[in-house]
Amino acid sequence: MKKIKIKYKLNKRGKIILISLLFSLSVVTTVLIVGAIKSGKENDQQTVGTQTDITDEPPITPTETQTTDEKNDTEPVLAVTPTPIIKASKFVMPQDGVRPVAVMIDNESDAVLPQGGIGEAQIVYEVITEYGATRYMTLFWDNLPAMVGPVRSSRHYFLDYVMDYDAIYAHIGWSDYAYRDLAEFEIDNIDGVTREAGGVYWDLTREKNNYHDSYTSAERLNKFISSAGYETKTTQSIPFTYNKDDLDLSGAKAAEEVFIKYSTVSSSGFYYDSSQKNYKRTRLGEFQIDRNTNETVRAKNIIIQFVKNESIAGDKYGRQELYTTGTGNGYYITNGKCEEISWKKDERTQQTKYFNSRGQKLTLNPGQTWIQIVSPNADVRVK
């Protein structure tokens, strides 16, 4: 059968009509798309617990490009709330029998600065994550600050240190491996991606896709812990003992400057202040400021714990595996002195044990402790 081709030829008037119809159609389509987007945004905000207060504080402007791809780590858009006025608090000694709250803190780029509440934590972990970035886990015993953050997502190896203290774990999202382990180890957690915990967190800025500005507070965390029925007491002891008084390390080498290079994009430092008998902390060469107090973060104790890490084979996001079990060595630093230590962890669910240079359980001076989980191949300098 012969195919018949039909040609349409429009006159001038027809062309004008056609163009008018196409223009009208494009306008209608645009209106529908904009309306759908607006509706989607409103629905997104309603899924995590709505806060109506809006802060006049300007958004935090990033000075460094985000490098970590976390498309699989669900990070919700949370409601904005005003920044509270906060006063500094004195150090509260961790108590056996009390469950601490562990809060994941973002440290990925300058967009997180200044972080809030890190100067008030009794213990802070810094651990490598993807592409050379690091993340903090802050631990609080009966001293949760009025503002702490920015809160970020979980990584599975952090759970090994959560279980060291039987802590209640606050985070927003997770990697696939962390999601698996949270369920397997039955860890009491406060996950901001769930509807139940959405109201626990708020955003400092109006930037919808800003993952570096989500905060929480003592009031909101304690309210959720109570409503969830989480136990606030524990039989788990703390991995360390504390001196009643401030003591110097005898026969130890000098440690007035400490430098730890995790990668080309992450480094930490500590500089001893003999007048205060503690260390002023630096992040990428700049003194680290706490948003709550506007003061430099200071550490009394520094533990450098060498733990092997490597990229997980086949993981397209560059996520890490840390070998938290077994044995290893490190340093304990306080009052301008340093001694070699060792550590042991038999299983992921069992507590890490720390020993001083004489093989005894490690004893700390009263004050904030930073535990730097570092690769044995990292550039670490103590002098």
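At-a-glance table
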item	result
Two-site label geometry, residue 185 and residue 96: point separation in nm, points 7 Å out along Cα→Cβ	2.2 nm
Per residue Cα convex hull volume in Å³ - calculated over the stretch 55-383	128 Å³
Charge tally in the Cβ shell below 13 Å around residue 123, where Lys, Arg are +1 and Asp, Glu are -1, residue 123 excluded	-2
Under 13 Å, Cβ to Cβ, from residue 137 - net charge with Lys/Arg +1 and Asp/Glu -1	-1
Net length gained if the chain between residue 346 and residue 234 were fully extended (0.36 nm per residue, minus Cα distance)	38.2 nm
Sequence ranges 254-263, 230-239, 110-119, 193-202, ranked by mean other-Cβ count within 10 angstrom, highest first	110-119, 193-202, 254-263, 230-239
Unit charges at the beta carbon, dipole of the stretch 121-227: most positive-side option, 214, 154, 187	214
Options 224, 172, 307, ranked by Cα towards positive dipole end of the stretch 55-383, top entry (Cβ charges)	307
Debye, to nearest 20: dipole size of the stretch 55-383, +1 on Lys, Arg Cβ, -1 on Asp, Glu Cβ	860 debye
Packing-based exposure ordering (other Cβ within 10 Å, fewest first) of 240, 287	287, 240
Hydrodynamic radius (Kirkwood) for the stretch 233-322, which is based on Cα pairs only, to one decimal in Å	16.5 Å
Long pairs among 90/383; 277/353; 90/277, criterion Cα-Cα beyond 23 Å	90/383; 277/353
Debye, to nearest 20: dipole size of the stretch 303-383, +1 on Lys, Arg Cβ, -1 on Asp, Glu Cβ	200 debye
Distance in nm between pseudo-label sites at residue 316 and residue 379 (7 Å out along the Cβ direction from Cα)	3.3 nm
Coarse-grained scattering of the stretch 143-273 at q = 0.15, 0.20 Å⁻¹, given as base-10 log I(q)/I(0) from a Debye sum over alpha-carbon atoms	-0.96, -1.26
For residue 123, residues with placed amide H under 5 Å, excluding near neighbours	139, 369
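No value in this document is a laboratory result; all are computed from the given coordinates. The shown structure was predicted, so the numbers you read here are calculated from the model rather than taken from an experiment. Cβ: placed from backbone, ideal geometry, glycine included. Neighbour counts: every protein chain shown.
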